[in-house]
Amino acid sequence: MAIKITYFVHGTTTDNEKEISSGWFDAELSDLGIKQSIELKDKIKNKQFDIVFCSDLKRAIDSAKLTFEKSLPIIPDKRLRECNYGKYNAKPSSIVEPTQEKCITEKFPEGESYKDVKMRIADFLEFLKKNYDEKSVAIVAHKAPQLALDVLLKNKTWEQSFSDDWRKTKSWRPGWEYELK
């Protein structure tokens, strides 16, 4: 008994293009992000999903709709949000990114820690276990939930997850596979 999860990151945002770390700020998809989300449909056309979950932040909802809207139900879920950077939401990435690894257990000022994100994702995974056993689930969300999945389902440390992150290694792909047992 297992749930197959395929994780997709939202398309590029206007904040991404300006090197701003959005966090809980509701950034818009850029023209490139819209194009990426539409093109993803073709890149995953041979994959079968039962349902799509996405973060309730606009960039993830819009990405999910552009990729999946006509074919599958899409359910926004607040637990799949990006890390809340608190006072650092919508601040330059040059300020936020060097702080991230320090905030694995320590909260961002007026925000949350990556450990908090891990708890949200663990709760979401328990929900999947209770309701979607033996299903194939697509998730459209952000960096922090993806790193939390690496910690929870691939037994990586937070430090390994940050080090191996595709954003650092420049190794994007059309979906990351996870199995929830």
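Numbers for the structure displayed
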| quantity | calculated |
| --- | --- |
| Surrounding net charge for Asn89, when Lys and Arg each add one and Asp and Glu each subtract one, Cβ distance under 12 Å | -2 |
| Proximal lysines relative to Lys129, as straight alpha-carbon distance under 23 Å, when same-chain residues fewer than 8 apart are discounted | Lys4, Lys47, Lys78, Lys115, Lys118, Lys143, Lys154, Lys156, Lys181 |
| Antiparallel %, DSSP beta bridges [both residues in the chain], to 5 | 40 percent |
| Structure-based [θ]222 nm, the chain - -39500 (n - 2.57) summed over DSSP H runs of at least 4, per residue, nearest 500 | -12000 deg cm²/dmol |
| Proximal aspartates and glutamates relative to Lys87, as straight alpha-carbon distance under 15 Å, when same-chain residues fewer than 8 apart are discounted | Asp26, Glu97, Glu106, Glu110, Glu112 |
| For the chain: relative contact order, % (alpha-carbon pairs under 8 angstrom, 6 or more apart) | 34 percent |
| Order by protection proxy (mean Cβ within 10 Å, highest first), peptides 21-28, 166-173 | 21-28, 166-173 |
| Values of log10 I(q)/I(0), in the order q = 0.14, 0.16, 0.22 Å⁻¹, for the stretch 59-181 under a Debye, Cα-only, solvent-free model | -0.65, -0.85, -1.49 |
| Approximate spin-label separation Glu19-Ile38, in nm, with each point projected 7 Å along Cα-to-Cβ | 2.9 nm |
| Around Ser163: net Lys/Arg minus Asp/Glu count, Cβ-Cβ under 14 Å | 0 |
| Order by protection proxy (mean Cβ within 10 Å, highest first), peptides 41-54, 6-19 | 6-19, 41-54 |
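Taken together, the values in this text are just the output of simple stated rules run on the coordinates, not laboratory data. Predicted, not measured: the structure shown is a model, and the values here were computed from it. No Cβ is skipped: glycine too gets one built from the backbone with ideal geometry, and neighbour counts run over all protein chains shown.
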